[in-house]
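Bear in mind these aren't lab numbers, they're just calculated from the coordinates by the rules spelled out. Computed from a predicted model, the values in this text were never measured in an experiment. Reconstructed Cβ throughout: ideal geometry from the backbone, glycine too, with neighbour counts over all protein chains shown.
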Amino acid sequence: MPNLSRVNRMAAWATAVLLCSSSVLAAQAGGGESCPVASPQSAAAGLAMASAARAPRLGDGISVRSESTGPYDPQAAAARREAERRTFERILASRPVLPASPAFALSITPQQRESIEQGTGGGRLRVGTALAIGQGVDFSRLDRAASARSELEFARGTLRVTAASAVWEVEVASAQASALRLQFGEVSLAPGVELYVYDENGRVVGPYTGNGPDGSGGFWSNSVFGDRVHVHVHAPDLASLQTSRFTLTQAMHFGSRYRLADLARQRYEVGPSPDRDFCGTAVPTCTLDGMCALPSNAGLANAVKGVAHLQYMDGADGFICTGTLLNTIFEGPSSEAGTAAGRPLYLLTANHCISNQTSAASLEAYFNYHTASCGGTCPTAADLVEVDGGTLLTTGAAPALPDFTLLRLPVPPVGAGLMRLGWTSETVGEGWYLMHLSHPEGAPLAYSHRRARLNNVAVPHCTVAPEPTFLYSGLAVPTSNPPESAGAVASGSSGSAALAFLDDYSDVQVVGQLFGHCPGAGDVCDANTDSTVDGSFRVAFPYLQRFLVDRIFANGFD
């Protein structure tokens with residue numbers, strides 16, 4: 001039976017969201033104020049905490065609540081920025097004098113430019129393409145005379161030797177790139193030798209040491225913003241440098257669709273309203289600022305802290321999707337039991353986004369990529385929490401499986417204040433409001449919802465996504481009150497969690513992850529001609545269970 005309480009509560013809340021969003025757009029057009037944060041006495045907030053928290057239960061499935069990794073610590077974030085600034089200053093003080101022109105001046109072809117400007121890539125948002133470099137850097141080939149010379153050219157870079165250090169640096173440029181990532185191979189750095197990638201604006205990534213982050217000898221650097229970057233190798237002495245080597249394999253050129261580059265350089269041109277030009281990103285006309293959905297509900301507000309903008313590599317291209325952190329149940333003796341802060345960090349996304357370990361290892365996950373408030377200022381680089389790299393645990397492709405991937409992420413920065421979202425393996429009911437918090441077209445966090453439609457022939461279906469492996473939502477009476485649809489998903493939203501409220505309205509739970517919309521060429525803003533399609537968490541759960549649950553329930557699962 002459908003849970004009518006859940007449907008009715010969500011309907012009441014949906015009305016509040018759309019009223020708030022509409023008033024924001026009207027206020028922006030007339031220069032007025034945005035929606036204030038709702039007080040505890042607001043009508044919508046009064047629906048929260050109506051009953052006790054739901055515990056994990058058997059029967060139709062397991063339900064788990066959301067849980068924080070710990071409070072956000074602005075001082076820890078400031079300390080990380082200060083450490084990066086000091087590293088940048090040390091690099092500037094020790095680097096050699098480089099030629100005026102970069103050693104590697106790359107460029108993309110018109111065909112490559114068109115590909116990344118169009119952005120399409122199998123439901124994902126393509127934002128970059130790889131350019132070959134292929135420069136080996138083997139410092140064992142340095143002759144002994146190098147120690148007697150303060151600076152010399154080597155491997156197309158410049159070496160500077162002093163009594164305190166040996167430093168080698170080279171510049172890579174790619175015309176009109178919004179950002180660059182560099183791929184390294186055959187990395188073998190002696191103890192004490194550090195490799196950095198940086199730009200002239202103070203963005204520094206690294207140090208990379210030994211055989212790279214995962215010990216394999218190959219990795220992609222983190223993104224550095226702009227069209228010129230530097231590779232900086234610092235050794236305590238020439239002898240250490242002479243036992244180090246690597247290959248600068250290729251560069252990933254990001255085009256204008258990679259909006260995080262503008263965020264880092266503070267070059268946003270904010271449009272007149274978030275549903276037309278969202279912090280400089282062209283988005284579907286019905287797009288809603290995700291922060292407008294939050295003031296009246298603490299559960300959804302917490303969910304924002306568990307949603308990530310994902311940037312990763314797949315083959316010769318760079319892509320953007322969305323992912324969501326999942327909570328776990330560790331109740332028995334377990335090496336991974338303990339507080340949420342001490343447990344593994346699991347992220348759910350789509351198989352058509354990340355389906356192999358190479359892509360997972362290249363991941364850059366950015367949390368807190370949202371406006372300051374409903375209709376408020378755009379995010380800045382200082383707002384973001386970055387978690388890099390990942391381990392692919394399990395994945396399943398459509399149509400046989402519900403297009404899911406589960407990754408284990410590294411430990412987040414201290415004081416990150418992230419949220420592991422609750423989930424449920426119970427059956428989704430007819431008429432449930434399914435919500436998405438995602439990054440359409442790579443924009444800051446946006447909100448959308450549709451109503452679940454089960455085996456409804458009036459809903460557009462795609463053969464590659466059969467029910468019940470996939471969930472369909474859509475169909476909306478234009479004059480319905482409350483509105484049955486709001487906002488939209490788009491390229492870049494793929495992998496975002498389908499969220500449903502708990503019965504008591506106090507939390508949200510993951511019931512699936514975004515596969516796409518059907519038909520692919522439809523109007524994403526029209527819920528009657530274009531349905532939203534999510535992979536079913538319930539169907540994926542047998543593959544996810546051993547990572548998310550540390551015990552087997554006596555009666556099993558339905």
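Things to note:
- Amide proton proximity set for Gly516, modelled H, under 5 Å, gap of 5+: Val533
- If you look at the Cα atoms of the range 270-548, you get an Rg and a Dmax of 17.4, 55 Å.
- Asp503-Ala93 pseudo-label distance in nm [points 7 Å out on the Cα-to-Cβ vector]: 6.4
- With a simple spin-label model that places each label point 7 Å from the Cα along the Cα-to-Cβ direction, the separation between Ala100 and Asn201 comes to 2.5 nm.
- Among Glu430, Glu364, sorting on how many other beta-carbon atoms sit within 10 Å of each Cβ, with the fewest leading, yields Glu430, Glu364.
- q = 0.13, 0.17 Å⁻¹, the range 95-254: log10 I(q)/I(0) [Debye, one scatterer per Cα]: -0.60, -0.97
- A straight line joining the Cα centroids of the range 490-548 and the range 92-111 runs 43 Å.
- Computed label-point distance, nm, for sites Ala164 and Asn356 using a 7 Å Cα→Cβ extension: 4.5
- Integer Hz, Karplus 6.51/-1.76/1.60 couplings in order for the range 227-234, x for Gly and Pro: 9, 9, 9, 10, 9, 10, 10, 10
- Annotation: amide H of Asp314 within the under-5 Å range of Phe319, sequence separation 5 or more or interchain, hydrogens built in the peptide plane.
- Distant-in-sequence amide H partners of Leu125 (H built 1.01 Å from N, under 5 Å): Ile320, Gly492
- Scaling the Cα radius of gyration of the range 75-136 by the globular reference 2.2 N^0.38 Å produces a ratio of 1.75.
- Calculated FRET value between Val457 and Val477, using beta carbons and R₀ = 25 Å, to 0.05: 0.90
- Ranking of Ser178, Ser216 by count of other Cβ atoms within 10 Å, fewest first: Ser216, Ser178
- Residue by residue, the range 403-417 carries 3J(HN,Hα) couplings of 6, 10, 9, 10, 10, 9, 9, x, 4, x, x, 4, x, 5, x Hz when phi is fed to the Karplus relation 6.51 cos²θ - 1.76 cosθ + 1.60 (θ = phi - 60°); x denotes Gly or Pro.
- Residues Glu186 and Arg546, FRET efficiency given R0 of 45 Å [Cβ-Cβ distance, rounded to 0.05]: 0.80
- Residues Tyr312, Tyr72, sorted so that the one with the fewest Cβ neighbours within 10 Å comes first: Tyr72, Tyr312
- 19 Å reach of a label modelled at Ala282, 7 Å along Cα-to-Cβ, counting backbone N of the range 520-539: 521-526
- Length gained on full extension, Gln118 to Arg156: 10.2 nm, using 0.36 nm per residue less the C-alpha separation.
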